[in-house]
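Read through the structure below, which is laid out as structure tokens, and then see the notes.
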Ligand code: SAM
């Protein structure tokens, strides 16, 4: 397979949706290999303990470095093709360019935290042998890393050659290469009239240049209204003369 995905978690069942849909097909086709590992299997004591109270005090529990270390020693293939991803709200933002970068790796190992997270020395020690990315999927706090892994894996997998039926759709998506930092324009299909709402006439015109212009205008308008931060970040070189009219 092009890409080996390993997920380490105390809730292996949580990852079963990864075997559905697009990704399930990619696994069946041999493009992606997926293994889910139960962290508790690496806990040495009878009670399979994975957490302990935090040094320095405070609320909650912290996942133990030694248990994680044993799991990662077993799962991580050291070398330049491997990345360890540690989901955390305290991480750098996961976005489309991070997804594209990760789609070029040979192995990605995801370490799902629970409670207050994982002893920092796990990531720090792993970074001596592989690339480690501490990544956040957004400015909100989940109960565990599993849902973040579902999000990241879905975004990464559809960028792997052969996974999407039509590779062009990844290019025109919001944040795709062709959209250079704009949100995607709205889409329509049959019927022509729905609840009194008509499809924009230009889309029926057969006039390709006019359609492209309309889509670009809609992208710009939408982005300006919903994501002014993206407009502010636009490279002026990507704007054309006609853009200034909207
Ligand atoms: N004490 C941590 C903090 O404030 O940074 C929050 C821990 S959170 C309750 C438990 C786990 O959920 C984290 O270890 C991480 O795996 C996951 N998680 C929560 N929010 C996340 C986010 N926005 N992005 C990625 N992972 C997240």
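If only residues of the stretch 136-172 that are free of Cβ contacts under 8 Å to residues at least 60 places away in the same chain and away from the ligand (no atom under 16 Å from the Cβ) are counted, the one that is surrounded by the most Cβ atoms within 10 Å (Cβ to Cβ) is 170. Applying a threshold of 6 Å to beta carbon distances and a minimum spacing of six or more residues, or different chains, the list of pairs starting in the stretch 104-131 at a residue that is on the phi > 0 side of the Ramachandran plot and ending at one that is more than 9 Å from the ligand (Cβ to nearest atom) and in a loop (DSSP other than H, G, I, E, B) reads 115/61. Report whether or not residue 122 is in contact with a strand residue (DSSP E or B) (Cβ under 8 Å, 6 or more places away or on another chain), at pLDDT 95 or above and within 29 Å of residue 165 (Cβ to Cβ). For residue 122, the condition - in contact with a strand residue (DSSP E or B) (Cβ under 8 Å, 6 or more places away or on another chain), at pLDDT 95 or above and within 29 Å of residue 165 (Cβ to Cβ) - is not met. For residue 111, the stated conditions hold: it is touching a helix residue (DSSP H, G or I) at 6+ places or on another chain (Cβ under 7 Å) and closer than 18 Å to residue 69 by Cβ.
Residue 18 satisfies every condition listed in (1) within 23 Å of residue 150 (Cα to Cα); (2) at pLDDT 95 or above except (2).
When you scan the stretch 62-70, do you find a residue that is within 16 Å of the ligand (Cβ to nearest atom), closer than 17 Å to residue 108 by Cβ and touching a helix residue (DSSP H, G or I) at 6+ places or on another chain (Cβ under 7 Å), even just one? Checking the stretch 62-70: at least one residue is within 16 Å of the ligand (Cβ to nearest atom), closer than 17 Å to residue 108 by Cβ and touching a helix residue (DSSP H, G or I) at 6+ places or on another chain (Cβ under 7 Å). Residues of the stretch 39-59 that are within 16 Å of the ligand (Cβ to nearest atom) and either under 17 Å from residue 122 (Cα atoms) or within 27 Å of the chain's Cα centre (by Cα) (or both): 39, 50, 51, 52, 53, 54, 55. Scanning the stretch 204-213 turns up at least one residue that is surrounded by 15 or more Cβ atoms within 10 Å (Cβ to Cβ), over 28 Å from the mean Cα position of the chain (by Cα) and in contact (Cβ under 8 Å) with a residue 24 or more places away in the chain. A single entry from 131, 184, 198, 101 fulfils the requirement of being under 19 Å from the mean Cα position of the chain (by Cα), farther than 22 Å from residue 28 by Cα and in the same structural domain as residue 223 (by TED's automatic domain parsing): 184. Residue count for the stretch 1-24, restricted to those that are without any contact (Cβ under 8 Å) to a residue 40 or more places away in the chain and within 18 Å of residue 164 (Cα to Cα): 5.
The values are calculated or read from the model by the stated rules, or taken from the named source; none is laboratory data. Only a predicted model underlies this, so the values are computations on that prediction, with no experimental measurement involved. Positions of Cβ are generated from backbone atoms using ideal geometry, with glycine treated the same way; all protein chains shown enter the neighbour counts.
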